[in-house]
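Some notes on the structure that comes next.
The values are calculated or read from the model by the stated rules, or taken from the named source; none is laboratory data. Keep in mind the model is a prediction, meaning the values are calculated, not measured. With ideal geometry, Cβ positions are generated from the backbone for all residues, glycine too; neighbour counts draw on all protein chains shown. Accessible surface is based on the protein model in full, side chains and every heavy atom, while ligands, DNA and RNA are left aside. Shrake-Rupley method; radii C 1.70, N 1.55, O 1.52, S 1.80 Å.
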Amino acid sequence: MHEIPALITDLTMILVLAAITTTLCKKINLPSVLGYILAGFLAGPVVDFIPTINDMGTIEVWSDIGVIFLMFGLGLEFSVHKMAEVGVPGFLSAGVQALGMGVVGFFLGILLGWGSMNSVFLGVMLAMSSTMITMKSIEDMGLKEEKFAGLAMGTLVIEDIIAIFAMVILSTIAVSQSISGWALAEHMAVLLLYLALWLILGIYLVPTLTKKLVGIMNDEMLLIFSLGLCFLMAILAEKIGLSTELGAFLAGSLLAGTIHAERVERLVTPCKNLFGGVFFVSVGFMVQPDMILKYILPILILSVVAILGKLLFLTLGSLAAGQELETSLHAAAAQTQVGEFSFIIAGLGQSLSVTGSFLYPIIVAVSVVTTFTTPFLLKLAGPLSTLLERVLPKKWLAAIDRYSAAKQVGKTGDSRDMVLYLKHYFQTLALYGVLSVGAILLGIQSLLPFLLGQGVGKADLLTCAAIYLVLAFLLPAMLRIKKRYFTALWLESVYNRLLLCILMIFRIGLVVFLAVLPAFLIFQVNPLWLASGAIPLIWIITQSDRLAGHYLEVEARFLANLNERKLAEHFRQPGEAEAHHWLTEQLYVITLACPSLYVGNGTALKDHHWGKTDHINIIKIIRGREHINIPEGEVQTLSGDLLVAMGSRKDLEHFCFKQAVCDVRPIKGARLRTLKEYIEGQEGIPEARQLLCCGVHLNKDLPQQGKSIRDSGIKEEWGAFLIGLERDMLPIPNPDRSLTLRTGDLLWIMGSQEMATKLVRLGLLD
């Protein structure tokens, strides 16, 4: 009979001890993390009466896997939407706390004589709070529904993101053995680029793949797929010079936005608990009583500084974000501990051999002390808030209340056109700009070296051709603008025109720069000659309706994937999937009159270009007793006509403002009504003249499949107007005419009773 491997005996001892110590911690209402650390201490070399671990190297490998699982689990709790929901309070609280504690920790380390590198790591470790301990304390005290709990958890999400970036920065500092501003800026730029590139590609590809496999993916396959993605991205991150932890975190965050997130989290949790437990046990191996006794004074100083510093900086950050004093103090009190992320950072310092051996056990001891104090501080937050309200000057308290009230009012205000335009402007530049830079870098750094075996000249040509093939699709998309906001802003003021011109010049300049960059880097061609040829070529490409359709399809898929989880939650609500309130309440209707001296008298609808330039559609013309429903483009508008226009609220407001001088204008007493209100308010109109809405599922047998809305023939063949569609649960009201229709789309169309009869005859309506 063969001998039992050392790994099995080591794991047996670790798990048995961890089971005992975590149970004891549970009994006395302490976090399980402390139980794992105690188990590691007992199984380590310090305690003689319990057998010591035999194969420390293998346990360290399991510990590294545990870190990957912990980061993957953290990513599963993080999504782009969750980050957006955190908002300004979370960002400000986390930023002020991280910066303040980082600076305090650094200078405290210098005062203690620990040197600059140890001090840098110390500052970062003190800035990290514990998500698990905070959650545990809040839940055990029954405070989960309190307002401050959401603020605390949002702050911790941002702190975890800061920690990811801090690990990359610390790795850079450790490798160079100095704090170089240029090296830091370079690594941060690379990190941000790859982070954005991975997120964009991951959001586009991962949910798309899981949707295609959803019918055959059982729990076993989903677990293998998820863990495979986790370790693949961890390896890729290391290959490009980043950390495996970052790769695992990104893998989790990509899956967090899919409909499988809860299922993946449930399947992965046992693995995370096992390997994460081994990691925390390995932290306990580093606890050295003689080292703690030797540094007992610094430990106590650091513990006090961590508690008071976090309490101060987190409160200031929350107040700066407009939170009330009591809420800010409670949220700060929940986060005064030094967390498990600090152990990972301490381990990073030791693995890079840039920190002293004393720092790890010291930070573990500080974490234990601050963890014990967290529940007590939460209980004292209320009395402390009352004390401050009595002590602080009344003017200060009144100023805090006014500032908080002003911030809350600001949140409810409507977004202005300029804000919406800038949002779309920078989103488009970021999306296609990151992809373009990524294509250039991957081509030059990866494809070119791979092709060098074919000969230098041939490799250069093939690489340049491949890069420009990708850029031909990406760069024209950067020149697309949100015309509905652009037109309104241009008409509003001269100052807007100046800003819009500057933004336009910047966008064109960026596109030209990216267009000439590959040829310049590979062939050293004169950039002026390249720019003179690139500008007209890119302009010609942007005029392609087919290419515009591809852009819209890519963006629709991206948005559907990005919002997949939220859309699924929305459609799981009773009645939401059938009612489709998103459409009938997002589109508005107003009745306009053509005056007696109407300058457009006799002009065909299509020649007004209202749909293309103003994004509104005429769904009915009332001419005396005649009702022309869903009029064709050749129908003329005449003096005395009443035009029923449909569009978004903003589009209709802009159109009325633009036309008010000499053209059509709202009839007396007319107001914007939702499409739902308009349809329900047709009682006085004969049924044959009424407009109605219905949904049609597009299947592969219909001729509209694969065609753009413009060429689909919906208006000509069905006598209907497409007012919106759903693709992968993503609602797209008033879609662009260049968008290509795909099998599975749910088309929402408007027409008359005659349209409904045609659809019933075709078998498209029940």
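Quick notes on this one:
- Selection status of Ser351, buried (at least 24 other Cβ atoms within 10 Å of the Cβ) and either at pLDDT below 85 or under 15 Å from Val33 (Cβ atoms) (or both): no
- Single unsatisfied condition, Val157 versus (1) of a type in the set (A, V, I, L, M, F, W, C); (2) at pLDDT 85 or above; (3) touching a Lys or Arg at 6+ places or on another chain (Cβ under 7 Å): (2)
- All positions within region 740-749 that are hydroxyl-bearing (Ser, Thr, Tyr) and either without any contact (Cβ under 8 Å) to a residue 12 or more places away in the chain or in a loop (DSSP other than H, G, I, E, B) (or both): Thr743
- Scanning region 234-277 for residues that are within 26 Å of Ala39 (Cα to Cα), open to solvent by less than 20 Å² (accessible area, probe 1.4 Å) and at pLDDT 85 or above turns up just one, Val268.
So that you can scan it fast, the table gives a plain yes or no per residue for (1) in a loop (DSSP other than H, G, I, E, B); (2) more than 23 Å from Phe558 (Cα to Cα); (3) at pLDDT 80 or above:
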| position | (1), (2), (3) |
| --- | --- |
| Ala185 | no, yes, no |
| Leu192 | no, no, no |
| Ala196 | no, no, no |
| Ile203 | no, no, no |
| Gly215 | yes, no, no |
| Leu222 | no, no, yes |
| Leu227 | no, yes, yes |
| Cys230 | no, no, yes |
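- Unmet requirement for Ala152, which otherwise passes all of (1) part of a helix (DSSP H, G or I); (2) surrounded by fewer than 21 Cβ atoms within 10 Å (Cβ to Cβ); (3) modelled with pLDDT of 75 or more: (2)
- Selection of region 753-762 for residues being open to solvent by 20 Å² or more (accessible area, probe 1.4 Å) and either outside any loop (DSSP other than H, G, I, E, B) or at pLDDT 85 or above (or both) yields Gln753, Glu754, Thr757, Lys758, Val760, Arg761.
- Any hit, region 249-264, residues being in a helix (DSSP H, G or I) and either closer than 30 Å to Met13 by Cβ or more than 24 Å from the chain's Cα centre (by Cα) (or both): no
Here is a yes/no grid of residues against (1) farther than 25 Å from Gln350 by Cα; (2) open to solvent by less than 20 Å² (accessible area, probe 1.4 Å); (3) modelled with pLDDT of 90 or more:
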| residue | (1), (2), (3) |
| --- | --- |
| Gly109 | no, yes, yes |
| Ser116 | no, no, no |
| Ser129 | no, yes, no |
| Met135 | yes, no, no |
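- Checked against the criterion of being assigned to a helix (DSSP H, G or I), modelled with pLDDT of 85 or more and more than 21 Å from Ala346 (Cβ to Cβ), region 54-68 has no qualifying residue.
- Within region 425-478, the set of residues being open to solvent by 60 Å² or more (accessible area, probe 1.4 Å) and of a type in the set (Val, Ile, Thr) comprises Val456, Val470.
- Put simply, of Gly247, Gly252, Gly202 the only residue that is in contact with a Leu (Cβ under 7 Å, 6 or more places away or on another chain) and farther than 23 Å from Gly66 by Cβ is Gly202.
- Test: residue in region 732-739 that is surrounded by 16 or more Cβ atoms within 10 Å (Cβ to Cβ) and assigned to a strand (DSSP E or B): yes
- Filter result for His615 (in contact (Cβ under 8 Å) with a residue 24 or more places away in the chain, on the phi > 0 side of the Ramachandran plot and not in a strand (DSSP E or B)): yes
- Residues in region 314-346 that are more than 24 Å from Leu108 (Cα to Cα) and either among the hydrophobic types (A, V, I, L, M, F, W, C) or crowded, with 24+ Cβ neighbours inside 10 Å (or both): Ser318, Leu319, Ala320, Ala321, Gln323, Leu325, Ser328, Leu329, His330, Ala331.
- Long-range neighbours under 7 Å by Cβ, at least six apart or interchain, first residue farther than 15 Å from Ile622 by Cβ and in contact (Cβ under 8 Å) with a residue 24 or more places away in the chain within region 661-682, second open to solvent by less than 60 Å² (accessible area, probe 1.4 Å) and polar (S, T, N, Q): Arg665/Gln659; Thr674/Thr584; Leu675/Thr584; Lys676/Thr584
- Some residue of region 301-313 being surrounded by 24 or more Cβ atoms within 10 Å (Cβ to Cβ) and under 30 Å from Leu201 (Cβ atoms): no
- Failed condition for Ser357, given (1) open to solvent by 30 Å² or more (accessible area, probe 1.4 Å); (2) of a type outside the set (Lys, Arg); (3) farther than 28 Å from Ile164 by Cα: (3)
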